[in-house]
Amino acid sequence: MMRKAISLQRPLALRQFWLQSYTVLITTTGQAPLALNVRPIALLLGLTLGVGGLGLWIGVLTYRNSQLTQRTQTLTHTASQVLADLDKIGAEIEDLKSRAGLSSRGLDQDPGTDQTPLPPQGGVSRPVTPELIFALGQRKLSGLDGVISNSIKPSLDATLKSEAKRLAAFPNGQPLAGKLEVSSEFGLRPSPFETGDYEIHEGMDLAGPVGEPVLATADGMVAEASYDSGYGYHVKIKHDSSYTTLYGHLSQLSVTSGRRINRGEVVGYLGSTGRSSGPHLHYGIYRKGEAVNPRYYLHLNSSS
Ligand SMILES: [Zn+2]
């Protein structure tokens, strides 16, 4: 059993208390007492320095904690802005989908969305951390990427392909290379055979030398490549759109009925076969079966 005791060797005088030296005896049963010389002023000084050091250390820690808090707040703010920007992009994509006629489901439910659950969370007062916001942003970004890859891009590709096909089938090419020389306009005209009668001319006559290549003005299918007394050797092309084009009075055919043809391909050669008063190409355009004026499709000035 250990017992310790501390005793003061001298009576105290209050004014001298702090400056005097005291011996403190620490006695233990059965052992020689341990004597320690102590000055209260030294104890007080040591205690003050210790407390001061502790205060300084706490101050440094508080400052560092404040810096960390500030950085966390900045990070949280930046992450929130990124999230807001992602929401704006998401809204734009939803708008694009809607305008493209695609189903407009919530991005979070869209196929391709990363369904990785967010970190577990509970309670209504959980503070928002940058990590949580970034995780949410990553999930949204993955969702947007899925929407673009799985929905918008295929739709856009299909639309562009369809549009390219439609444009290729629109008869706005030139049936003859070079500058076109119009020898007879579309519409009502006196008979070229000087009969004194008027007739409806369902096309435009383009003068040129016999043998000049005659070109398809759009992609399509050769619907007819034959001879009759009116248009002589002639070719009719049915386009994928609602148009049909006619190339008449040819001297020679170079396509057969039923084959696919592209804009600019040679369908035959200029001539004067059939009901013709001289070498020229009769070029006709029909829209849903009705003859229309080729001038508007050939980009010709009204005076030329
Ligand atoms: Zn004609």
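The values are calculated or read from the model by the stated rules, or taken from the named source; none is laboratory data. Just so we're clear, the structure is a prediction, and the values are computed from it rather than from any experiment. Every residue, glycine as well, gets a Cβ built from its backbone with ideal geometry; the counts of neighbours run over all protein chains shown.
Scanning the range 262-304 for residues that are assigned to a helix (DSSP H, G or I) and more than 15 Å from the ligand (Cβ to nearest atom) gives a single hit, Tyr296. Condition check for Ile285 on (1) over 23 Å from Lys165 (Cβ atoms); (2) within 50 Å of the chain's Cα centre (by Cα); (3) not basic (Lys, Arg): one failure, at (1).
For the range 238-252, a tally of residues being part of a strand (DSSP E or B), more than 14 Å from Leu206 (Cα to Cα) and touching a residue at least 60 places away in the same chain (Cβ under 8 Å) returns 3. Apart from one condition, Ser184 fits all of (1) without any contact (Cβ under 8 Å) to a residue 12 or more places away in the chain; (2) among the polar types (S, T, N, Q); (3) surrounded by 11 or more Cβ atoms within 10 Å (Cβ to Cβ); the exception is (1).
A single member of Val235, Val255, Val214, Val222 is in a strand (DSSP E or B), more than 16 Å from the ligand (Cβ to nearest atom) and among the aliphatic types (A, V, I, L, M), and it is Val222.
Can you confirm whether Tyr231 is buried (at least 18 other Cβ atoms within 10 Å of the Cβ) and touching a helix residue (DSSP H, G or I) at 6+ places or on another chain (Cβ under 6 Å)? No, not satisfied.
Flag: Met204 matches the condition of being modelled with pLDDT of 95 or more, in the same structural domain as Leu281 (by TED's automatic domain parsing), in contact with a Lys or Arg (Cβ under 8 Å, 6 or more places away or on another chain) and within 14 Å of the ligand (Cβ to nearest atom). Working only within the range 187-199, note down all residues that are assigned to a strand (DSSP E or B) and either touching a residue at least 60 places away in the same chain (Cβ under 8 Å) or hydroxyl-bearing (Ser, Thr, Tyr) (or both). Gly187, Tyr198, listed by residue number.
Selection over the range 239-264 of residues that are surrounded by fewer than 17 Cβ atoms within 10 Å (Cβ to Cβ) and out of contact with any helix residue (DSSP H, G or I) (no Cβ under 9 Å at 6 or more places or on another chain) gives a count of 9.
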